[in-house]
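Below is one structure; the comments refer to it alone.
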Amino acid sequence: MWISFAEESCWLDIGNANATGGGTSSASGAFDPVGLTPPEGRSDMTGHLTDQLSWVKGRHQMRFGGEYRNARLDEFYKRHAVGAFTFDGTRVAAEIQAKNPSYNPDSFIAPLADFLSGQVSAASIAIGNPERFVYVNTWFLNAGDTWQITPKFNFNYGIRYDYGGPLHNSSQNMSIFRPALTSSNGLAFQGSQIANLYPRYFKNFSPRVGASYSLDSKTVFRAGYGFYADTPNLNPFLDNRPGNQAPNGVEGNPGGPNPVYTVGATAQAQTEIQSGVAIFPSALNGSPCSATSPCGVFSIDPNFRPSYNENYNANVERSLTPNVIAELGYVGSEARHLLSLLDINQAKPGVYATDSQRQVTRPYFSQYSQYGNINQVESIGTSNYNSLQATLRISNWHRLSSSTTYTWSHALDEVTAYRGALPQNNLNFKGDYGNSDFDTRNTFVSFISYQVPGTARFRALTNGWQLNSLLTFHGGQPFTVHASGDISGTNEGNDRAVQIGPARVGYQGQSTTANWIDLSAFADPTPGTFGTSRRNAFYAPGYSDVDFSVFKDTKITERVILQLRAEMFNLFNRTNFAPPSPSVGGSSQLYDTIGDYNGAPGIGAGEAFNTQLVGKIIF
């Protein structure tokens, strides 16, 4: 049975309910996803015309211009084509707890027991060809002026207009969910039932103003404000990578000339996978979507609009000496209509033995019983950022130059990721408002360079030496404590824990065997309910890096210089840990470095000590 199971699935997603979707990394759990990598990729071609005109007249420096872009994309992400299975450790554990209520499942053993017994908590596969060719047209116009009103007062102002058209093609093979269109099973196809996948938006006017004023010969005050319109990224519409069983994007809906069926397991397979019994329904004789094996659907909010960002700042700069400048300022921003994702067909919280029991509680079940998760791109997200920034710059003071910056800041939002991130409860999006994923309260960065003085006697040997060092110190990034699995019964993959006591953070120190947060302070919510702990409520260890380099410049001729470098990174070989992925009954072990966690292993703060030797000819 197990060989047949592995061959049919080709992708086994082993972990808790936060690890669904054909290779999506789990938010918590004892196992990482495993399996074959499905065919995936994209080909982009963009043509653009750009021009800017500068005009200086008296005290005015004016600038006018614009740009037109035509983007063409061939997208073929077949992420769900090999199937996705989730074993969250709840099935066998429930059978044991029915006989022994005091049984406490182990986060490693329970998912493995479900896997070995063939009892999935969720399973889906995409049947069909999701490859799509799409086009996007965008353009902007801008005008601005820098006005030197007086020798002490400089004022600049401008405006920009942006238009970003919706993605489109002429093949009528991209669709969204519109429940009133019963004749097409609730699907509206671009170029047929609807002209565009979302409304065109024509109000993106973006004003910007700034000013600087010299209070005296050593002090300058600056302030600025800018309104910035955003052009939506195509990935959330074509390669969203959700954590539930919905399609990747508008190319993955079960209808039209090239349907893609992201379908759940059969009723039998929802209970137990058996040798020789099909796990998924066949699409050879038409749509496999049914109430017992529902298909996922992807949609875009009919009121979707592009997001915008407002940036503002004010600072004072003071020359302390001819070589030393200090700056203190405030920098802030806020964004509205940020791209978000909601399952508008989320099941009611409850305790369900199978997906079929869960299915009948979905809001659209009476009208479209064949549909399961219906993920819809929204523009309801918000964010804000506030910071105090201080800078000290030294220029050639006794051969020493440096720039040192300290930032004290706070960033908050409902969702930081631009795709694939669902809230805990899709009916309470604002309940996920909290610290941003990248929120770093304290950041200290300093670059120091020293020109070593030479001697007149041995000029070639003693001249041209330079010592440099870069020091960076960051506060830790936030993380969430998740429940042990799909406790709410919604199977959305993002249930949080309940905090039942004071949470000790960093109580075992920093090492690969240390648990960062005491998980005895957390418990699962009551079955059929959501957790009450906040998103990103706790912070991981801080991380830092000290780099050092030595340069030697040797003049070969008047115009040619040989530069030799010895560059050492992470000089003290500090291990910089990433946030843990804790869950109730699991572990909060520090197992990853911050570089790998942020998608750049071996680079920056995540790398081990290393040295490179460089030779450079400058002419």
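The values are calculated or read from the model by the stated rules, or taken from the named source; none is laboratory data. Not measured: the values here are computed from a predicted model. Heads up, the Cβs are rebuilt from the backbone with ideal geometry, glycines too, and the neighbour counts pull from every protein chain shown. Quick note on the areas: whole protein, heavy atoms, side chains included, nothing else; ligands and nucleic acids left out. Shrake-Rupley method; radii C 1.70, N 1.55, O 1.52, S 1.80 Å.
The figures follow:
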read-out	value
Pairs with Cβ under 7 Å, 6+ apart, first in region 545-561 and in contact (Cβ under 8 Å) with a residue 40 or more places away in the chain, second surrounded by fewer than 13 Cβ atoms within 10 Å (Cβ to Cβ) and of a type outside the set (D, E, K, R)	Val546/Phe572; Thr554/Ala460; Arg559/Phe619; Val560/Ile617; Val560/Phe619; Ile561/Ile618
Qualifying residues in region 426-443 (those that are in contact with an Asp or Glu (Cβ under 9 Å, 6 or more places away or on another chain), part of a loop (DSSP other than H, G, I, E, B) and open to solvent by 30 Å² or more (accessible area, probe 1.4 Å)) - the one farthest from Arg534 (Cα to Cα)	Asp437
Residue tally, condition open to solvent by less than 10 Å² (accessible area, probe 1.4 Å) and closer than 14 Å to Phe479 by Cα, over region 581-602	5
Restricting region 390-406 to residues that are in contact with a strand residue (DSSP E or B) (Cβ under 6 Å, 6 or more places away or on another chain) and touching a residue at least 60 places away in the same chain (Cβ under 8 Å), the residue that is surrounded by the fewest Cβ atoms within 10 Å (Cβ to Cβ)	Ser395
Spans of strands (runs of 3 or more DSSP E) in region 71-160 with at least 1 residues out of contact with any Ser or Thr (no Cβ under 9 Å at 6 or more places or on another chain) and open to solvent by 60 Å² or more (accessible area, probe 1.4 Å)	132-148
Count - residues of region 407-424 that are part of a loop (DSSP other than H, G, I, E, B) and either among the charged types (D, E, K, R) or open to solvent by 30 Å² or more (accessible area, probe 1.4 Å) (or both)	6
Cβ-Cβ under 6 Å pairs, at least 6 apart or on other chains, region 327-345 side farther than 21 Å from Ala417 by Cα, far side acidic (Asp, Glu) and assigned to a strand (DSSP E or B)	Glu327/Glu317
Qualifying residue in region 367-389 (condition: touching a residue at least 24 places away in the same chain (Cβ under 8 Å), open to solvent by less than 60 Å² (accessible area, probe 1.4 Å), in contact with a Cys (Cβ under 8 Å, 6 or more places away or on another chain) and among the polar types (S, T, N, Q))	yes
Test result for Thr46, closer than 30 Å to Leu167 by Cβ, at pLDDT 80 or above and open to solvent by less than 80 Å² (accessible area, probe 1.4 Å)	yes
Count of region 516-560 residues which are within 25 Å of the chain's Cα centre (by Cα) and either farther than 30 Å from Trp465 by Cβ or not in a strand (DSSP E or B) (or both)	16
Breaking point among (1) within 31 Å of the chain's Cα centre (by Cα); (2) over 30 Å from Gln589 (Cα atoms); (3) modelled with pLDDT under 90, for Ser4	(1)
Qualifying residue in region 165-179 (condition: open to solvent by 50 Å² or more (accessible area, probe 1.4 Å), assigned to a strand (DSSP E or B) and under 30 Å from Gly224 (Cβ atoms))	no
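Yes/no per residue for (1) hydroxyl-bearing (Ser, Thr, Tyr); (2) over 20 Å from the mean Cα position of the chain (by Cα); (3) not in a strand (DSSP E or B):
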| position | (1), (2), (3) |
| --- | --- |
| Asn303 | no, yes, yes |
| Asn315 | no, yes, no |
| Tyr368 | yes, yes, yes |
| Ile374 | no, yes, no |
| Leu392 | no, yes, no |
